[in-house]
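These notes concern the structure reproduced below.
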Amino acid sequence: MMIDIRDLHKSYTIGQNQLNVLKGINFAAGSGEMVAIMGSSGSGKSTFLNILGMLDEADSGTYTLDGTPIKNLNETLAANYRNKFLGFIFQSFNLINYKSALDNVSMPLYYQGVKRQQRTEKAMHYLEKVGLADWAQHLPNELSGGQKQRVAIARALASDPKVLLADEPTGALDSKTSYEVMELIQNINDEGKTILCVTHELDIAHMCKRIVHLRDGLIVNDEKIKQVLANPIANV
Ligand code: ADP
Ligand code: MG
């Protein structure tokens with residue numbers, strides 16, 4: 001299994017109160033799966049994804065990522081695993097505003113110690129892959145929402161992660177642009193990457209291959225579906 005989660009619990013303490021967000025999640029995903037995580041606002045989707053992404057830690061339960069138990073890792077080791085295994089895409093893109101598209105994409109490689117020339121080559125390669133080679137020197141505020149998300153996707157891919165975690169990647173985009181971004185994510189999945197995609201939009205969820213539904217801190221439904229292709233022409 002690429003991802004194996006057993007009896008995962010997570011709560012937040014706010015003043016005197018304890019909010020139990022995840023109450024015993026069991027979940028496994030194999031290599032190459034594309035899973036939508038659905039649930040109403042506040043149902044714990046981001047909390048779950050952040051734990052999967054090692055941005056947050058569970059209170060109890062086990063998490064195994066590509067055979068490696070994720071527990072009590074020191075910061076350096078955790079950061080290494082994060083860089084090696086995981087790529088992130090967020091609703092709000094999280095690009096650095098004063099850096100070009102190219103520099104945004106090559107940034108994670110810098111932190112991994114990749115030399116400048118190789119960084120630039122790799123970043124260019126991934127910008128080409130998302131169709132933005134001509135926009136390499138532009139700043140984020142010169143790009144449309146869809147283009148910004150493509151830069152973010154290129155950045156997520158730059159370190160060749162095994163798993164791509166997307167938290168409402170189309171949440172800030174109109175539906176045409178959303179579908180274009182989903183088409184790109186589907187292509188990335190076709191190349192073998194494991195993808196988990198949080199969404200509360202059913203049409204977006206149906207572009208994945210499996211839908212997991214969170215409610216009241218538990219997975220209440222988990223089923224494989226027939227994937228709808230985001231490019232309507234390809235569905236004919
Ligand atoms: P979703 O992504 O499904 O909308 P979240 O995982 O963001 O849900 O949040 C689940 C619940 O946990 C919400 O009630 C939220 O307010 C609460 N929550 C999330 N993060 C924190 C935090 N750091 N501290 C306290 N409460 C939090
Ligand atoms: Mg959320």
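Every number in this text was worked out from the coordinates using simple rules, so none of it is lab data. Here the structure is a predicted model, which means the values were calculated and not measured. Note: ideal-geometry Cβ built from the backbone for every residue, glycine included; neighbour counts use all protein chains shown.
Ala28 label point, 7 Å along Cα→Cβ, cut-off 13 Å on backbone N: hits in segment 44-78? Residues 64-67 fall inside that zone. Sorted from greatest to least, the principal axis extents spanned by the alpha carbons of segment 75-132 come out as 33, 30, 22 Å.
Find how much the distance from Asp59 to Asn83 grows on full extension, using 0.36 nm per residue of separation minus their present alpha carbon separation; answer in nm with one decimal.
Length gained between Asp59 and Asn83: 6.3 nm.
Near Gly146: Cβ cut-off under 9 Å, other residues only, Lys/Arg at +1 and Asp/Glu at -1. The net charge is +1. Cα centroids of segment 49-77 and segment 92-142: 28 Å apart. With 23 Å as the cut-off, how large is the P(r) tail for the chain, expressed as percent of Cα-Cα pairs? Across the chain, Cα pairs with separations above 23 Å total 49 percent. Taking a sphere under 12 Å around the Cβ of Ile96 and counting the other residues whose Cβ falls inside, with K and R at +1 and D and E at -1, yields a net charge of +2. GNM on the chain, alpha-carbon springs under 10 angstrom: the most fluctuating residue among Leu19, Leu202, Leu102 is Leu19. Among the lysines of segment 1-111, pairs at least eight places apart or on separate chains and with Cα atoms under 30 Å apart come to 11. Per residue, the chain reaches -10500 deg cm²/dmol at 222 nm when only DSSP H runs of four or more residues are counted, each adding -39500 (n - 2.57).
In terms of overall dimensions, the C-alpha atoms belonging to segment 1-72 reach 41, 29, 19 Å along their principal axes, ordered largest to smallest. The packing ranking, built from the mean of other Cβ atoms within 10 Å per residue, places the peptides 179-188, 77-86 in the order 179-188, 77-86, highest first. Modelled this way, with points 7 Å down the Cα-to-C-beta line, the labels at Asn231 and Glu128 are 1.8 nm from one another.
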